[in-house]
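Written below as C-alpha cells is the structure these notes are about.
The values are calculated or read from the model by the stated rules, or taken from the named source; none is laboratory data. Since the structure is predicted, the reported quantities are computational estimates derived from the model, not experimental observations. Cβ placement follows ideal geometry from the backbone for every residue including glycine, while neighbour counts extend to all protein chains displayed. These accessible areas exclude ligands, DNA and RNA; they are computed on the full protein's heavy atoms, side chains included. Shrake-Rupley method; radii C 1.70, N 1.55, O 1.52, S 1.80 Å.
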Amino acid sequence: MSRLVRIVHFIAVGACLVCLGLSASAAPAVDVSPRIEQNFSMHWLYSPRDVSGGESAALDDSAFEQVSVPHANVLLPAESFDPDTFRFVSWYRKHFRADPSWKNKLVTVRFQGVMTVADVYLNGKHLAQHQGGYTSFDVDLTPALRLDGENVLAVRVDSRVQQHVPPEGAPQISPSGIYEFGEIGREAPKLYGFYLFGGIQRDVELRVTDRLHIERVYYVTDRIQPDAQVGATVSVRNDRTSAQDVSVRVRLRDAQGHDVATAAAQVKLNAGEGRDVHLEVGPVAKPRLWDPDHPNRYIAEAEVGDLSAADREATWIGIRQITWEGGALHLNGNPLQLRGLNRHQTYPFIGGAVPNRLQRRDALTLKYGLGMNAVRSSHYPPDPEFLDECDRIGLMVMDEFPAWQYVGRDAEWQNNAVDAAREMILRDRNHPSIFVWGVRANEASFNEGDDRDLYDRTYALVKELDPSRRPGGARLSQAWHGKMVPDELLTVNDYEDFDDSTKFPQAVTGSPWLISEFGHPRQVPVWESESMFMLTVSMWMRHYDALYAHPEISGAMGWAAFDYSSPEFNTPEAVTAYHCVDDIYRLPKGFAAYAMASQQNPDLYGPMVHILNYWRRTRPELWVASNADEVEVKVNGKSLGRQKPTEFMHLPHPLFKFALADAFQPGPVEALAYRDGKLVAREELHSPQEAEKLEIVTDDQSIVSDGEDATRVVVYAQDKNGTVPPYEDRRISIHVENGQLLGMPTAHLEGGRIAFYVQAKPGQHQPISIHVTAEGLTQADALVGVEPSVESALPFGPFDPRIESLKFVPAKW
C-alpha cells in the first residue's frame, strides 16, 4: 500500500498533545540539593562466569567486558533459542572513587531490577542479598566505603532456576508426564508463560544524603472538591549522633513550576529515630485533575532540615480520586470504562534488559498506536520509567506482583512473594496511573479458600501501605465461583468461550469487576492471510463491543499487546507467541491495531481513518476504521458512496463495512472521513507491486552515547508507489558502523518489514551509520545521531526534559 496520507490527522494530534500538556514545554527545573542523585548505570565490567573471588577488590578484572546497564547477560535470537541459554551465574563490577563531599554522609545504591538473586559486595564486604528481579532494592554502601581510594562495587547475579523465588518454583512435567519439583540451579523449563532472562536488567542509581534524611514519601488525594487537598506522609530518619529539632516541609508545584500549596510541621527526632510525619497539603484552588485524557501532574517536593534543607526529594504526582459505584470504576466522579491490553516487557535480542527510551515507547504505542486507556503489567511489576510514561500520557495501570499459575507452599516462597508485593507498593504508590494492586497470583488459586493465608497477608499490605486502592488479582473464569473478598476488585481472565458472543462477558456480581484477560489462542503471525486478519479484527472488536454493552463492568484487558518469547507451547526451544495485536518488534500485524486506534476521541486525539485491506484481490466487502461520523470510499476515483458506521455498534466508534460487489480494481482506493459534513482525514493505498527498494525508518533522530540507550530501526521493502508488499520475505543483510547492532546481521523480512535496535558506545561522538542490502532491491542507508550522556541523571528518568521529544512513530503501509 502507498504512503499513508493523514496530514489532517497528524496536525490534529500534534495540536491535541500541546493542549494536553504533553509537549508544550520541557519539565520545570527540579532541585533536590543537597541530595546527590547520580546515574550509576555506566562503566560496569562484566563476566558471564561465576568467577572465584569475584567480590574481591584485588581481583584482576582487566579481561572483563565493558558494559552499561540495563544489560542482558546474553543476547538472544528473536524467534527461537535454547531456553536455558540465560540460566547461569555472572558477575558485574564497577570501580569508582568517592567525592570528598561524601564524608559523614549516607551513600546508597539503588538497583531497579536484577534477575534473579543478587549478592552485593563493596570492597569485598557482603552488604546485601536480594531475591526477585522485578522490584527495586537499596544497598547502604556507607559501612564499607573508602573515602581515600578506589572502591569496587561487585554484584554476583544468579540467573539460574530459583525454586523459592516467584514466579518460579512451579512443578515441571517429566518425560513420564508426572509433575516434579526442580532444584535450585536445575536447567529445565518451568510452568510459567514467559521468560525471566538474566542480568542487571534495569537502571542503577547512586544516592548521597545527609544522615538526617527522607527515606520515602507517600502522597494521596484527600479530596478534589470544592478545592483539592493532598495528604503527604514523609518518612524521615535521623542517623546523626544527637537529637535534632527539624522542620518537615512539602511544596506542591504545577507542571510549569508555579507554587500552588505548602505545608510544614516541626518534629524532634532522637539519634537513630525514624518517624512518619503526616501533612495536609492544600487547599489547591481549581485543581487540574489527572485522568487518561487529561494527564495533568504536579511536582511534590519534600524536605527535612532546620534553617536550610538537609535533604530533599521530588516526585511527580497526580490529583485524582478513584471510587466504585454500582461495581463500576469512577474517576474524579465520572464513569470510566477501561479499554486495555496486557503487556509483557520483554524484547527480541535483549530480553528484559530494556532501556528507558524503549520502555516509554511501549506506553506511547499502547496509547496512540493501539488506542488504549489502560494496561495490565502482566505478570510482574514493570520498569519505573514505563509507569512514569503511563502517568505522563494517561494510561491506567493494573500493577501486579510476580506470579503465574502457581503458589508455593513453602514459607520461603510465600515470604518472597509478600516481599515482592511490599516492594511493588512502596515503589509505585505515588503513580496516579495505578488503579488496582494485583496481589493475587495470576490464575493460581482455583477455589476461593485456596492460598487464603498468603492473600490475607498481601491484601493486608494494600490496606497498610496504600488504602486508597483496592487489591485484586486475576482468577481463571471457571475458578472464582462467584465469591469475593470484601473491598476486593474482582479481576477475572474470561476465556469462557472464544467465539460465542453470547457467553462473553460472564454475568457480573454487582461488585467491582474487571476482565483482566480475554482473547483467542489462535496464532496469527504477520505473514497470515487477509482473511485471518479480518477474523482477528472481528474477535477483538466483538469483545470490546460486548464490554461497552455492559457499563456495569469497569473494563476489559485483551491478551495481549505485543508478541513475546514463550515457553507455553511446551517445545524444546523457546518460540514466539503470535496471538497478540502487534508483533514482537511493536509493529502492527494486519489490521486490528488500526481498528483499536479508531476508538479514540477525535476531539482529543485527532480524526483518523484506515482501510482494513491490502487491496490485492477481489473481496465481497471492504472494512474501514475511523472515529469520524461518516466515511466515503473511492475506487480509482469512483465513489462507492458515503455511509455511517455499521459494525459493532456499542463501540465508541463503530466500524464501517462497504459492499464491493464487482467494484474491486487494482490500483488506488481511497477512504475519506467526515465529521459534521466536513472532510477531516483521508487515506489512500495502492495495490502492492513487486518490491524495488528498501527504506529505513528510525524512531529517533539521535540517542544518548551511554552504552545503554537504544532506538528501534525498521526496514521496509517498497514498490514503485511506496507501498509495502505485505508478503515480501526477502533476506536482508544489516551493517552498523560506529555503534552496536542489537539484532542479527542477516534476517528475513516479515510482512515486508523487520526491525532491530542500535546502541551508541559510551562517550561516542560520531553518528551511527546503518546500511541494509537485499538482492534485487536498492540499498537503504540511515544515520542516527548521538548525544552526550549526563551522569548526574538517568537518561529518560522522570525529570529528563528529553522525554518531551518522544513521539509515537506509526508504521508504514
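Between residue 58 and residue 415, how high is the FRET efficiency from 1/(1 + (r/R0)^6) when r is the Cβ-Cβ distance and R₀ = 51 Å? Nearest 0.05.
For R0 = 51 Å, the calculated efficiency reads 0.90.
If the chain between residue 692 and residue 233 were fully stretched, how many nm would it gain, using 0.36 nm times the residue separation less the Cα-Cα distance?
Working: separation 459, 0.36 × 459 = 165.24 nm, distance 6.25 nm.
Result for the pair: 159.0 nm of gain on full extension.
Using alpha carbons only, how many angstrom separate the centre of segment 228-286 from the centre of segment 87-162? A separation of 30 Å, based on Cα centres. For residue 496, no residue 5 or more places off, or on another chain, has a built amide H under 5 Å of its own.
Determine the share of the chain's accessible area contributed by carbon and sulfur atoms, expressed in whole percent, with a 1.4 angstrom probe. All intermediate terms of the calculation are to be shown ahead of the outcome.
On the way: 14540 of 29310 Å².
Carbon and sulfur: 50 percent of the exposed surface of the chain.
Taken per residue, the accessible surface of the chain reaches 36 Å², heavy atoms only and a 1.4 Å probe. Computed from label points 7 Å out along Cα-Cβ, the spacing between residue 293 and residue 531 is 4.0 nm. Remark on residue 128: its backbone amide H falls under 5 Å from those of 120, a criterion applied only to residues 5 or more positions apart or on other chains, H modelled at 1.01 Å from N.
Based on every Cα atom in the chain, Rg and the maximum pairwise Cα distance Dmax equal 26.6, 89 Å. Near the amide H of residue 681, within less than 5 Å, lie the amide hydrogens of 673, all on another chain or at least 5 residues away, with H placed in the peptide plane. The separation of segment 604-620 from segment 345-396, counted between C-alpha centres, amounts to 27 Å. Sequentially through segment 359-374, phi angles give Karplus couplings (6.51, -1.76, 1.60; θ = phi - 60°) of 4, 5, 5, 4, 5, 4, 5, 4, 6, 9, x, 10, x, 8, 10, 8 Hz, Gly and Pro residues having no value and appearing as x. The distance from the alpha carbon centre of segment 766-811 to that of segment 634-666 is 39 Å, rounded to a whole number.
When the trypsin sites (Lys or Arg not before Pro) in segment 546-655 are filtered for DSSP coil states and for at most 11 other beta-carbon atoms within 10 Å of their beta-carbon, the remaining sites are 617.
With each run of n ≥ 4 DSSP H residues scored as -39500 (n - 2.57), what mean residue ellipticity at 222 nm is computed for the chain after dividing by its residue count and rounding to the nearest 500 deg cm²/dmol?
-3500 deg cm²/dmol
For the pair residue 242 and residue 737, what calculated FRET efficiency results from E = 1/(1 + (r/R0)^6), where r is the Cβ-Cβ distance and R0 = 60 Å, to the nearest 0.05? Calculated transfer efficiency: 0.50. One chain, two ends: residue 730 and residue 485. Fully extended at 0.36 nm per residue, the span grows by 82.7 nm beyond their Cα-Cα distance.
With θ set to phi - 60°, apply the Karplus curve 6.51 cos²θ - 1.76 cosθ + 1.60 along segment 334-344 and write out the HN-Hα couplings as whole Hz, x wherever there is a Gly or Pro. Values per residue, Gly and Pro as x: 10, x, 9, 8, 8, 10, x, 9, 7, 9, 8 Hz. Available extension along the chain between residue 33 and residue 646 is 214.8 nm, counting 0.36 nm per residue and deducting the alpha carbon span.
By accessible area of protein heavy atoms, probe 1.4 Å, what ranking do 312, 730 get, highest first? Before the final figure, lay out each step's value.
Numbers: 312 40, 730 60 Å².
Descending accessible area places them as 730, 312.
Annotation for residue 262 and residue 601: the two label points, set 7 Å from Cα along the Cα-Cβ direction, are 3.6 nm apart. FRET efficiency for residue 659 and residue 679, Cβ-Cβ distance as r, R0 = 22 Å, nearest 0.05? So, using R0 = 22 Å, E works out to roughly 0.45. Pairs spanning more than 23 Å between alpha-carbon atoms, out of 105/761; 634/678; 589/634; 678/720: 105/761; 589/634; 678/720. Placing a pseudo-label 7 Å from each Cα along the Cα-to-Cβ vector at residue 465 and residue 509 gives an inter-label distance of 2.3 nm. In this structure residue 650 has an accessible area near 110 Å², from a 1.4 Å probe over the protein heavy atoms. Does a label point 7 Å from the Cα of residue 773, set along Cα-to-beta-carbon, have any residues of segment 713-732 with amide nitrogen under 20 Å, and which are they? Backbone N within reach: 714-718, 729-732.
Under the criterion of Cα pairs below 8 Å and six or more residues apart, the relative contact order for segment 222-349 equals 24 percent.
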